[in-house]
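Before any comments, here is the structure.
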Amino acid sequence: DALAAQFGKRSVFMDIDSVLLGVDFRQQLSEAVAKCDVLVALIGETWAGTTGQAQQRRIDNPQDFVRIEIEAALKRGIPVVPVLIDKAQLPDVQALPESLRELSLRHAAELRAGRDLKAHLDTLSTGLRAHLGKASNAQAAGASAQHQAAQTEVDPSPDRRSQAPEATAQNVTSGAVAQ
C-alpha cells in the first residue's frame, strides 16, 4: 500500500491480488515481471526457511509465486530488491536453489515492524526511485535520439540541425516526467 501510494496503483503489481482466476499463474507472473523496471521481492522468514521448521522451505518449491517472479527477473537482468520482512534473512548462497543463487548477491532492504517502519519504507522508496530514475533517463535518452534522427531526416538543413539540441532537451524533460 505504501509503494502504491508513492508510485501509483498502476505501477505496483502484487501477485496475490493481481493473478487472474483460471489462468496459468506462472505465465501471468512471467509476463508481469517482463514489464517491470525493478522487482521488489518481499521475503518472510518462512519462505527462506530461517525459522528452523522441519517442513519444506517455500524457496525450494518451484511453483512458489515469489520464486517464479525472482527467477524470471534474474533471467531478464531486471534489478531485484530483496525486502526482508521482520526477522527474515537471506540464506547463504549455498543454501539457495541454483536458479536463485544470484539473489544472495543483491543488497537487501529491511522492513521491520515497529517504530522504524516508516524509516524502512522511506529507505526502500529512495532506493526504488534511484532504479526508476536510471530506467527513465535511459528511455528518455533513447526517445530523444530517435526524435533527433527523425527531425534531421525530415529537414536536414543546417538551421534545423542547430535547433535539434534544444528540442532534444525538451523531449528528455517531458519524457522523464511522462515516465
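What follows is calculated from the coordinates using simple rules that are stated; it is not laboratory data. A quick note: this is a predicted structure, and the numbers were derived from the prediction, not measured. Ideal geometry is used to build each Cβ from the backbone, glycine not excepted, and the neighbour counts take in all protein chains shown.
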(message) Could you compute the net charge surrounding Arg101? Neighbours are other residues with a C-beta less than 14 Å from the C-beta of Arg101; K and R count +1, D and E count -1.
(response) -2
(message) Tell me the net charge near Arg115. Cut-off is 15 Å between Cβ atoms, Arg115 excluded, with +1 for each Lys or Arg and -1 for each Asp or Glu.
(response) -2
(request) Amide H neighbours of Leu42 under 5 Å, at least 5 residues apart or on other chains, H built in the peptide plane: list them. (result) Val83
(message) If you take every residue apart from Phe13 with its C-beta less than 12 Å away from the C-beta of Phe13, what net charge results, scoring Lys and Arg +1 and Asp and Glu -1?
(response) -2
